[in-house]
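We did not get these values from a lab; they are worked out from the coordinates using the rules stated. Here the structure is a predicted model, which means the values were calculated and not measured. Here the Cβ positions follow ideal geometry from the backbone for every residue, glycine too, while neighbour counts run over all protein chains shown.
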Number of protein chains: 2
Amino acid sequence: MCELLAMSANVPTDIVFSFTGLAQRGGVTGPHVDGWGITFYEGKGSRTFKDACPSSESQIAKLIQSFPIKSEVVVSHIRQANRGCVSLENTHPFTRELWGRYWTYAHNGQLSEYQDKFSVSRYQPVGDTDSELAFCWLLEKVVEKFGDNEPEDITLVYHYIAKLADEIRALGVFNMILSDGDHLMSYCSNNLCYITRKAPFGKARLIDTDVVIDFDKETTANDIVTVIATRPLTNNEQWHILSAGEWKLFCKGQLIGEL
Amino acid sequence: MCELLAMSANVPTDIVFSFTGLAQRGGVTGPHVDGWGITFYEGKGSRTFKDACPSSESQIAKLIQSFPIKSEVVVSHIRQANRGCVSLENTHPFTRELWGRYWTYAHNGQLSEYQDKFSVSRYQPVGDTDSELAFCWLLEKVVEKFGDNEPEDITLVYHYIAKLADEIRALGVFNMILSDGDHLMSYCSNNLCYITRKAPFGKARLIDTDVVIDFDKETTANDIVTVIATRPLTNNEQWHILSAGEWKLFCKGQLIGEL
């Protein structure tokens, strides 16, 4: 399987603390050694850092931990391969453009008997994972329904994607993170949780490595930051555990839609 | 304007030497301080490193120079903004997926009165540069002509793109690099040159900083490596200068098509 990490914030925020915990699970405290990736949105732009090697050993992962990139939306993934070999093209997150936005997606889980369902033409996978194919199919279905122009209320798109995700979940395990750069969606099959941090901020202690952060010193009173992860990253805070079929939509750190 | 750099090789090769020269032009020996980017293909996968800050000061550019990523195709760009503000979404190279391949593109030049010509729907720009819009239009026209499946002979696509590039060149200056991961195309409007290095290899000396490399020690007798740049990067080798409307298509370091 794999592990997911994502962030939505109302001010550009660095994710060094959370990513430091996640990166340990890529070879030290967890078995997810088959690559890792992280996408940062900065305005409408985005950049993705990826490696097919374990995050705990990656030079690029070290850079991410030492050079804080401030972003309002982050999507990250560490991989333990099941479908598809270990290679850069099979490394999450995956990105495609739709309606002049970069859509970024990462998946934790495994699907079965999906080839017939996921018929695609406009968006085609580059690698050979079930994950990327499911992403292409989601976008294909979104275009089929909404056409070539973004609807005025983009939350309708996420409600539709949640229905599609229900269909995918029927084929196996489908924990998903999806973002258009403004919004961040988390869809749960069996393992996904989140925490929203806002004033008054306190200290947080990572589970996977000996790091404590005092958010009170790193933030202002107006900051709202939501972090989503496969499993809680800290052991002294209350994380919300999602249940099967549950999804949450965040914008600027705040919950704006859910089932 | 901007500067372009690209590489096509028959073995995974690092571009540290050439990129070291180019990065100097982003703030030290050249005025291209409005961002930079570099895309490495590894198999079908690709990864892009980008920054909206000058390449000569970028932490990420330093990583690229100290941590050799071996690749068979590289596309790079340093930016001096004309159309579109300085921001991550306006930083080249740009990438879109078509036919299950990542297509990567970078442009040097400036276009005028292009808005009417470049009508797009399937591929839409995320930023507001003439460059990204022209790229979206190119892909849109390619899909219009070839449909949703890659033709058996992909060089036909490049011949068609060259015709489209002629049309774009009529609107201004259009020096372009384009790759599907296997092939690398360079299209010249006014500033583009290339060099193909193969055995017997010799020494090369960068123009922009005091670095000499002995390729004989870095390569094997079978290596073939073509480097494309806006201006020659070395001062002791013979670069081929392209003329207006001329284009070259490379695969595995070798010239396979041209006008």
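Can you list, shortest first and in nm, the gaps between the label point of residue A:240 and those of its counterparts in the other copies, using a point 7 Å from Cα in the C-beta direction?
Residue A:240 label point versus its equivalents elsewhere: 6.1 nm.
Could you give the dipole magnitude of the protein assembly as shown about its Cα centre, charging the beta-carbon of Lys and Arg +1 and that of Asp and Glu -1, in debye to the nearest 20? Let's see the in-between values first.
Working: 48 positive and 66 negative charges, 136 e Å.
Using Cβ point charges on Lys, Arg, Asp and Glu, the protein assembly as shown gives about 660 debye.
Take every Cα pair under 8 Å in chain B that's 6+ residues apart, average their separations, divide by the length, and report that relative contact order as a whole percent. Write down the numbers at each step before the final one.
Working: 612 pairs, mean separation 58.3, N = 259.
Relative contact order for chain B comes out at 23 percent.
In percent, what relative contact order does segment A:184-243 have, based on Cα pairs under 8 Å that are 6 or more apart in sequence? Walk me through the numbers on the way to the answer.
On the way: 97 pairs, mean separation 30.1, N = 60.
Relative contact order comes out at 50 percent.
Once you average over the residues of A:118-124, how many Cβ atoms of partner chains fall within 10 Å of each Cβ? Present the calculation step by step, with values, prior to reporting the outcome.
Values: counts 0, 0, 2, 4, 5, 3, 8.
Mean shielding count: 3.
At residue B:217, with labels set 7 Å past Cα in the Cβ direction, how many nm apart are the copies from this one, shortest first?
So the distances to the same position in the other copies read 4.7 nm.
Please state the shape class of segment A:167-259: rounded when a/c is under 1.5, otherwise prolate if a/b exceeds b/c and oblate if not, all from the C-alpha gyration tensor. Walk me through the numbers before you get to the answer.
On the way: a/c = 2.71, a/b = 1.55, b/c = 1.75.
Oblate is the answer for segment A:167-259, as a/c is 1.5 or above yet b/c matches or exceeds a/b.
How do B:123, B:160 line up, fewest other C-beta atoms within 10 Å first?
On the way: B:123 24, B:160 16.
Ranked by crowding around the Cβ, least crowded first: B:160, B:123.
Please work out the C-alpha center-to-center distance from segment A:217-236 to segment A:4-56 and express it in whole Å.
15
Okay, which of segment A:235-249 sit inside 13 Å, backbone N to the point 7 Å along the Cα-Cβ direction of residue A:205?
A:235-237
With every atom except the alpha carbons ignored, what do you get for Rg and Dmax of the protein assembly as shown, in angstroms?
In Å, with Rg to one decimal and Dmax whole: 22.7, 67.
Would you mind computing, in nm to one decimal, how far apart the modelled labels at residue A:150 and residue A:167 are, each placed 7 Å from Cα along Cα→Cβ?
So the two model labels end up 2.4 nm from each other.
Quick one: in chain A, whose Cβ comes closest to the A/B rotation axis, and how close in angstrom?
Of all Cβ atoms in A, the one closest to the rotation axis yields A:63, 3.
Please give, to one decimal in nm, the separation of the simple spin-label points placed at residue B:241 and residue B:160, each 7 Å out from Cα toward the Cβ.
Spacing of the two 7 Å Cα→Cβ label points: 3.5 nm.
Put the label 7 Å from Cα along Cα→Cβ for residue A:256; what are its distances to the other copies, in nanometres, shortest first?
Distances between equivalent label points, in nm: 4.6.
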